[in-house]
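Notes follow the structure.
The values are calculated or read from the model by the stated rules, or taken from the named source; none is laboratory data. These numbers were taken from a predicted model, which means no experiment stands behind them. Positions of Cβ are backbone-derived with ideal geometry, glycine not excepted, and every protein chain shown enters the neighbour counts.
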Amino acid sequence: MQTTVGIAGISGKLAQCLVKELLKYPEIVIRGYCRSLQKLPPSISQSKRIVLIKGGYDDRENARKFVQGSDVVVCCYYGGPELMTHGQEILIDACEDAGVNRYIASDFAVDYTKIPRDAIFPKKSAQIVMEYLTTKKVSGVHILTGGLMETFWSDFFGLYNSDNRSISFWGTGDEQWDLTTCTTAAAYTAALALDRNAKGVFRFRGDRKSIKDIKGIFETVYGIPLHLKQKGSIDELYQTVEESFNMNPEDISSWAPM
Ligand SMILES: NC(=O)c1ccc[n+]([C@@H]2O[C@H](COP(=O)([O-])OP(=O)(O)OC[C@H]3O[C@@H](n4cnc5c(N)ncnc54)[C@H](OP(=O)(O)O)[C@@H]3O)[C@@H](O)[C@H]2O)c1
Ligand SMILES: *[C@@H]1O[C@H](CO)[C@@H](O)[C@H](O)[C@H]1NC(C)=O
């Protein structure tokens, strides 16, 4: 039986990992949605198994065209609260109108079901969208993966500095991090997209390692030292985040990575 998977934000990094994993299943065809088709790689723009629909996140008419005929829609948007909340609500409304049964939210995050609603949390949109889905006919699917390993090493978190091969961290260095690579997260997502009974919250992780574990692995694999620099305790981290947040809540980059 053929399964049609809609991907919103098909130009994104996670979406491109997901396309690769989905195309491993011969019975899957894809409908892709994004605001600009120009920058898509040929593996997507020239694939006979992918239909592309162009439209903005707030374009209800094209969002409806996009979800039409999908068995499940996966959202891979990433951006500010307007895109992540309103943009996802528009997709969910379109799914409901078109009779699409399942919607995989753009989560791919830490387990935010454990984060209190009044806590400082940069992905509040995920909590709002989860609640919104409970009021709709379309069933929500939430994939919680911990941190993505590629982001762990990227400048976004400011953990790893490639100039002096060091990781700056808060805490003791023994705290466990739940981490998953983009490819593994995408493989889980593809399997859930195919499983028509998969609904609700799914917690996956590639592995669980401390900063000290990661230092050991890095040194074994590369044969060069990785320096660790402790920035302060976890309590001091909370304090610092709260101060930065209170100073400028709108400037997410000033507090969210911490
Ligand atoms: N847990 C983690 O550590 C972690 C790390 C990374 C990502 N993630 C999650 O994974 C998901 C995907 O992230 P990603 O890294 O793949 O993001 P990405 O590469 O930045 O892709 C974002 C997608 O959203 C689209 N988009 C952004 N702004 C838009 C706008 N105003 N209107 C319409 N489309 C817009 C982009 O379209 P354009 O190409 O046209 O800009 C692109 O398709 C997100 O939920 C993100 O939070 C989690
Ligand atoms: C590496 O460089 C960064 C940025 O200059 C600095 O904050 C950090 O303390 C350095 N780490 C070590 C171990 O020297």
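Things to note:
- From 96, 82, residue being out of contact with any Pro (no Cβ under 8 Å at 6 or more places or on another chain), assigned to a helix (DSSP H, G or I) and more than 24 Å from residue 197 (Cα to Cα): 82
- The residues in the stretch 152-187 that are within 16 Å of ligand 2 (Cβ to nearest atom) and without any contact (Cβ under 8 Å) to a residue 40 or more places away in the chain can be counted, and the count is 8.
- Looking only at the stretch 188-205, residues that are under 21 Å from residue 154 (Cβ atoms) and of a type in the set (Gly, Ala, Ser) come to 0 in all.
Quick grid of which residues meet (1) within 16 Å of ligand 1 (Cβ to nearest atom); (2) of a type in the set (D, E, K, R); (3) in contact with a Lys or Arg (Cβ under 9 Å, 6 or more places away or on another chain); (4) at positive phi:
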{"site": "211", "(1), (2), (3), (4)": "yes, no, no, no"}
{"site": "214", "(1), (2), (3), (4)": "yes, no, no, no"}
{"site": "220", "(1), (2), (3), (4)": "no, no, no, no"}
{"site": "227", "(1), (2), (3), (4)": "no, no, yes, no"}
{"site": "247", "(1), (2), (3), (4)": "no, no, no, no"}
{"site": "252", "(1), (2), (3), (4)": "yes, no, no, no"}
{"site": "258", "(1), (2), (3), (4)": "yes, no, no, no"}
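- Test for residue 195: is it out of contact with any helix residue (DSSP H, G or I) (no Cβ under 9 Å at 6 or more places or on another chain) and modelled with pLDDT under 95: no
- Selection within the stretch 209-258 - exposed (fewer than 12 other Cβ atoms within 10 Å of the Cβ), part of a strand (DSSP E or B) and in contact with a Phe, Trp or Tyr (Cβ under 8 Å, 6 or more places away or on another chain): 229
- Residue in the stretch 136-149 that is without any contact (Cβ under 8 Å) to a residue 24 or more places away in the chain and either over 14 Å from the mean Cα position of the chain (by Cα) or away from ligand 2 (no atom under 16 Å from the Cβ) (or both) present: no
- Among residues of the stretch 57-73 that are in contact (Cβ under 8 Å) with a residue 24 or more places away in the chain and of a type in the set (A, V, I, L, M), those with a beta-carbon under 6 Å from a residue that is surrounded by 15 or more Cβ atoms within 10 Å (Cβ to Cβ) and in a loop (DSSP other than H, G, I, E, B) at least six positions away or on a different chain give the pairs 67/100; 73/100.
- Taken over the stretch 160-192, the criterion of being closer than 17 Å to residue 3 by Cα, within 16 Å of ligand 1 (Cβ to nearest atom) and out of contact with any Lys or Arg (no Cβ under 8 Å at 6 or more places or on another chain) is satisfied by 187, 188, 189, 192.
- Matching residues in the stretch 54-64 - criterion: being within 19 Å of residue 102 (Cβ to Cβ) and either within 16 Å of ligand 2 (Cβ to nearest atom) or in contact with a Phe, Trp or Tyr (Cβ under 9 Å, 6 or more places away or on another chain) (or both): 63
- Residue identified as within 26 Å of residue 33 (Cα to Cα), within 13 Å of ligand 1 (Cβ to nearest atom) and surrounded by 17 or more Cβ atoms within 10 Å (Cβ to Cβ) among 77, 103: 77
- Taking the numbered list (1) touching a residue at least 24 places away in the same chain (Cβ under 8 Å); (2) not in a loop (DSSP other than H, G, I, E, B) in turn, residue 205 passes all entries but (2).
- Going through (1) out of contact with any helix residue (DSSP H, G or I) (no Cβ under 6 Å at 6 or more places or on another chain); (2) within 16 Å of ligand 2 (Cβ to nearest atom) one by one, residue 226 falls short only on (1).
- Condition met for residue 11 (within 21 Å of residue 197 (Cβ to Cβ), in a loop (DSSP other than H, G, I, E, B) and among the polar types (S, T, N, Q)): no
- Checked against (1) over 24 Å from residue 149 (Cα atoms); (2) touching a Pro at 6+ places or on another chain (Cβ under 6 Å), residue 60 meets all criteria but (2).
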